[in-house]
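**Student:** Sharing a structure, written as structure tokens. Questions coming.
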Amino acid sequence: MASPAVVEDRPAPLDATAEPPALFDGTTRLYISYTCPFAQRVWITRNVKGLQDKIKLVAIDLGNRPVWYKEKVYPENKVPALEHDGKVMGESLDLIKYLDINFEGPSLYPEDRAKREFGEELLKYTDTLNKTVYGSFKGDPAKETATVFDYLENSLHKFDEGPFFLGQLSLVDIAYIPFIERFKVFLDEVFKYDITAGRPTLETWIQEMNKKDAYTQTKMSSNVIVEIFKKRFM
């Protein structure tokens, strides 16, 4: 499945001084932060489905967010959020499924029952992965994260129809890549721990994801990732 090679300018993040967009005027808007991996999931899904002209990006400065965002857009006051058909929805895993079902573009979830069941298992496992890896930053990541990264390595062998979790690129890959992107950079830079060492299938998966324009256009630089993680966790 080829990712649309659409390159778009990133809108400037809106801060506390910014005026709100013309809310609920029929425009579909995806509210994100460029540094948020949860928002990145939905941003990637939008891009893979070729919806750049259908869904407008609105970037929020999470460090100085506008008051109107909580009051008028999303009371949870976090990203991602999707404004569509007169309502606003949140939660990244719900939103990637919503985009896949309700918008045009290539389907990102297989019809095959076994793949769908395994896909649901993998989507649920993202919480385990994130909790384990983030928790390891105060200890020994190489030891404490071995189980979760081995789980991903083994899961990538489940279907041998392609380099992705369910064979072809799917919502599962999109759900994982923003976090793997950050973990790989930070663990290597700070702890000298290469999460792909001894995990060749995981390494191939990362390489294949990096061939997808729809994903690479959403990435942060390694320096920014390390800076953000050091400030937050160390």
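Since every read-out is calculated from the coordinates, none of them should be taken as a lab result. Note that the coordinates shown come from a computational prediction; the quantities given were computed from them, not determined experimentally. Note that each Cβ is placed from the backbone with ideal geometry, even for glycine, and that neighbours are counted across all protein chains shown.
**Student:** From the phi of every residue in segment 192-207, what ³J(HN,Hα) in whole Hz does the Karplus formula 6.51 cos²θ - 1.76 cosθ + 1.60 yield, where θ is phi - 60° and glycine or proline is x?
**Tutor:** Per residue, the Karplus-derived 3J(HN,Hα) values read 6, 10, 8, 5, 8, 5, x, 10, x, 6, 5, 4, 5, 4, 4, 4 Hz.
**Student:** Could I ask something else about it? Kindly put Met89, Met209 in sequence by how many other C-beta atoms sit within 10 Å of each C-beta, fewest to most.
**Tutor:** Met89, Met209
**Student:** Kindly give Rg over Rh for segment 113-233, based on alpha-carbon atoms, with the Kirkwood expression for the hydrodynamic radius.
**Tutor:** 0.95
**Student:** For each pair in Lys56/Lys97; Lys115/Lys138; Lys87/Lys131; Lys49/Lys158, compute the distance between the two Cα atoms and list the pairs where it is over 29 Å.
**Tutor:** Lys115/Lys138; Lys87/Lys131
**Student:** Please get the size of the charge dipole for the chain, origin at its Cα centre, with Cβ charges of +1 on Lys and Arg and -1 on Asp and Glu, quoted in debye to the nearest 20.
**Tutor:** Magnitude of the dipole: close to 480 debye.
**Student:** Projected onto the charge dipole of the chain (+1 at Lys/Arg Cβ, -1 at Asp/Glu Cβ, origin at the Cα centre), which of Tyr151, Pro13, Phe179 gives the Cα projection farthest towards the positive end?
**Tutor:** Toward the positive end, the furthest listed residue is Pro13.
**Student:** Moving on to the next point. List every residue whose amide H lies under 5 Å from the amide H of Ala81, counting only residues 5 or more places away in sequence or on a different chain, with H placed 1.01 Å from N in the peptide plane.
**Tutor:** For Ala81, whose amide H was placed from the backbone, the distant partners under 5 Å are Tyr31.
**Student:** Restricting things to alpha carbons, tell me how big the chain is in terms of Rg and Dmax, in Å.
**Tutor:** 17.8, 52
**Student:** Oh, and also: Taking 7 Å along the Cα-to-C-beta vector as the label spot, tell me the Thr128-Ala12 distance in nanometres, rounded to one decimal.
**Tutor:** For the pair Thr128/Ala12, the computed spacing is 4.6 nm.
**Student:** In deg cm²/dmol, rounded to 500, what helix-only [θ] at 222 nm does the chain give when every DSSP H run of at least 4 residues adds -39500 (n - 2.57) and the total is split over its residues?
**Tutor:** Only helices count here, giving -14500 deg cm²/dmol.
**Student:** Ok, one more. Given a 10 angstrom Cα cut-off, can you work out which residue in Asn47, Asn64, Asn210 is the most mobile in a GNM of the chain?
**Tutor:** Asn64
**Student:** While we're here: When you count, for each residue, the other Cβ atoms within 10 Å and take the mean per peptide, how do 123-132, 74-83 rank with the highest first?
**Tutor:** 74-83, 123-132
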